[in-house]
Amino acid sequence: MNTQGNDYFYHQRLHLTLKIKNQQMKSKELQIKLIEYIDRFEQENPQLETYEMTDFLSYMESAFYGSTKTFPVRKIGGEKKPSEIPFREGTPDLLSRQISLLYRYTKGYAKKALKGSDLQTIEEFSFLVILLTYEHLSKTELIQKNVMNKTSGSEVIKRLRKKKLIRQFADEKDKRSQLVAITPDGIREMKKIFPEMQLSSEIVKGNLSVSEQQVLLFLLQKLESYHHHLFLYYRDEPLQQLKERTEETTGKNF
């Protein structure tokens, strides 16, 4: 009886030991893969000053995101394929079109949100949003942060000054430089607009789940970071040279 009991407990312990080892092996394989993805995440995102869990999870989700579409895709183009021009619709072409369309939708919702306010354009709103977070900026800094050329950006600043929503003054450290800051009137105007603009943003995110929003935000921030680098240092170059820079730096970050 004791021998049988000992055999029973021996087999139970052996079964449990093998089960634990098997689980440890599976866990070890997962840990190795996880470390590999962490290493890839660091290599592909050197622009991040700190690594947040939300950023890494968004990266992982984008890496594993399924390609199966569970929604109807709106058909825009027709069936005709012009033979006289090099017509194509590859992934980069479709991506460019989708970003362009989304900007138009966003601009339309923002226009509704700004109705009845002192602001006329989403660019004016963007200038004020940025100035809310700084004591002041140089005109050049403000224009560059909004990714605009000097002429167009100066026109936005001129309109905001005329409405007394921002003020302009000389830089004490560099008299040649002009600084701008939001005024109390500008702050009051933003307080009125923010609820409508936030409602607009809720509409823009559409039917995306929280995790899908995080994935999209991660990818868009990566893409915007790359294009901002081109804007700051190479914006006057012709398209062919910009394309060559894109091919040289695909997968890299700034």
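The values are calculated or read from the model by the stated rules, or taken from the named source; none is laboratory data. It should be emphasised that the depicted structure is a prediction, and the values quoted were computed from it without experimental measurement. For neighbour counting, all protein chains shown are included, and Cβ atoms are generated from backbone atoms with ideal geometry for every residue, glycine included.
Restricting attention to segment 202-224, and to residues there that are small (Gly, Ala, Ser) and at pLDDT below 90, which single residue is nearest to residue 110 (Cα to Cα)?
209
Could you grab me the full set of residues in segment 104-130 that are small (Gly, Ala, Ser) and either in a loop (DSSP other than H, G, I, E, B) or over 19 Å from the mean Cα position of the chain (by Cα) (or both)?
108, 113, 116, 117
What number of residues in segment 131-145 are crowded, with 16+ Cβ neighbours inside 10 Å and not in a helix (DSSP H, G or I)?
Looking only at that region, the number is 2.
Would it be correct to say that residue 164 is over 17 Å from the mean Cα position of the chain (by Cα), at positive phi and either not in a loop (DSSP other than H, G, I, E, B) or not acidic (Asp, Glu) (or both)?
Considered against the rule, which asks whether it is over 17 Å from the mean Cα position of the chain (by Cα), at positive phi and either not in a loop (DSSP other than H, G, I, E, B) or not acidic (Asp, Glu) (or both), residue 164 comes out as yes.
With the requirement that a residue be assigned to a helix (DSSP H, G or I) and among the aromatic types (Phe, Trp, Tyr), what does segment 26-55 give you?
37, 41 - these are the residues of segment 26-55 that are assigned to a helix (DSSP H, G or I) and among the aromatic types (Phe, Trp, Tyr).
Could you tell me whether residue 101 is within 30 Å of residue 234 (Cβ to Cβ) and under 23 Å from the mean Cα position of the chain (by Cα)?
yes
Scan segment 229-254 for residues that are polar (S, T, N, Q), at pLDDT below 80 and either part of a helix (DSSP H, G or I) or under 15 Å from residue 149 (Cβ atoms) (or both) and jot them down.
Once the filter is applied, which keeps residues that are polar (S, T, N, Q), at pLDDT below 80 and either part of a helix (DSSP H, G or I) or under 15 Å from residue 149 (Cβ atoms) (or both), segment 229-254 yields only 249.
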